[in-house]
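Comments concern the structure below.
Readers should treat all values here as calculations from the given coordinates under stated rules, not as data from a laboratory. As the structure is a computational prediction, the values presented were derived from the model and not from experiment. Cβ atoms come from the backbone with ideal geometry, glycine included; neighbour counts cover every protein chain shown.
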Amino acid sequence: MVSIIVAVAQNGIIGDKNALLWHISEDMRFFKRTTSGHPVIMGRKTYDSLGRPLPNRTNVVISRTANHIEGCTIARSLEEAVAMFPAEEEIFIIGGAQIYALALDIADRIYITRVEHDYEGDTSFPRWDESKWELKQREAFPCGEKYPYPFAFECYDRK
Ligand SMILES: NC(=O)c1ccc[n+]([C@@H]2O[C@H](COP(=O)([O-])OP(=O)(O)OC[C@H]3O[C@@H](n4cnc5c(N)ncnc54)[C@H](OP(=O)(O)O)[C@@H]3O)[C@@H](O)[C@H]2O)c1
């Protein structure tokens, strides 16, 4: 099973200059809790922005150019990365935009954190046809413990 996990600003932005634009502790904890113990698949630029493999998860980096990244497995395509794991395993596609664009065709589930604020950035979540997805869960917050704007955790399954 292939799941996308992403945090998206109200205006579609997900990052700028290869970094995140907000710090929402609740979202960091949600990401950790949801992905821990599962494989995570990411694009090489997202790996660069993290700077290290995520602990307690098998890290796969998709790249046409990199040959070795300490603590990670390299894949040359999304298909090659997904084929490394049994079908019953929940695999998380953790970004960025280039890899989300590929993954939207094959994903079964999307965990999306809606950040209810506009940000300026150079990277957006690709357009997706929400009518093909069913909202299964939503948990909304007026703000975070240290974050001033509303946000919500939503989970969609492909219809
Ligand atoms: N808000 C969120 O939830 C979230 C999550 C993750 C990332 N982000 C943000 O997203 C941005 C990074 O996204 P991005 O779209 O620029 O980069 P990306 O998707 O993380 O990585 C792009 C790289 O992946 C490799 N790649 C892409 N398509 C490929 C293919 N078909 N076959 C083989 N390799 C392929 C290439 O690596 P090589 O150049 O090595 O060949 C390419 O340069 C950052 O700002 C980051 O902070 C946000």
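Odds and ends about this structure:
- In region 49-71, residue surrounded by the fewest Cβ atoms within 10 Å (Cβ to Cβ) [restricted to those that are farther than 19 Å from LEU102 by Cα, touching a Ser or Thr at 6+ places or on another chain (Cβ under 9 Å) and touching a residue at least 12 places away in the same chain (Cβ under 8 Å)]: ASN56
- Cross-chain or 6+ apart pairs with Cβ under 7 Å, region 24-35 first and part of a loop (DSSP other than H, G, I, E, B), then surrounded by fewer than 19 Cβ atoms within 10 Å (Cβ to Cβ) and of a type outside the set (Asp, Glu): ILE24/GLY144; ILE24/TYR147
- Those residues of region 4-23 which are part of a strand (DSSP E or B) and not aliphatic (A, V, I, L, M), in sequence order: GLY15, ASP16
- THR46 being out of contact with any Ser or Thr (no Cβ under 7 Å at 6 or more places or on another chain), part of a helix (DSSP H, G or I) and hydroxyl-bearing (Ser, Thr, Tyr): yes
- Against the numbered list (1) surrounded by fewer than 19 Cβ atoms within 10 Å (Cβ to Cβ); (2) within 16 Å of the ligand (Cβ to nearest atom); (3) not acidic (Asp, Glu), ARG138 comes up short only at (2).
Here is a yes/no grid of residues against (1) over 19 Å from ALA152 (Cβ atoms); (2) surrounded by fewer than 19 Cβ atoms within 10 Å (Cβ to Cβ); (3) out of contact with any Gly (no Cβ under 7 Å at 6 or more places or on another chain):
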{"site": "GLU90", "(1), (2), (3)": "yes, yes, yes"}
{"site": "ALA101", "(1), (2), (3)": "yes, yes, yes"}
{"site": "ILE106", "(1), (2), (3)": "yes, yes, yes"}
{"site": "ILE112", "(1), (2), (3)": "no, no, yes"}
{"site": "VAL115", "(1), (2), (3)": "no, no, yes"}
{"site": "TYR119", "(1), (2), (3)": "no, yes, yes"}
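- Given (1) among the hydrophobic types (A, V, I, L, M, F, W, C); (2) within 25 Å of ASP122 (Cβ to Cβ); (3) more than 12 Å from the ligand (Cβ to nearest atom), index of the condition ILE14 fails: (3)
Let's see how each residue does on (1) under 17 Å from the mean Cα position of the chain (by Cα); (2) of a type in the set (A, V, I, L, M, F, W, C):
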| residue | (1), (2) |
| --- | --- |
| ALA83 | no, yes |
| ALA87 | no, yes |
| GLN98 | yes, no |
| ASP108 | yes, no |
| THR113 | yes, no |
| TYR119 | no, no |
| GLY144 | no, no |
| ALA152 | yes, yes |
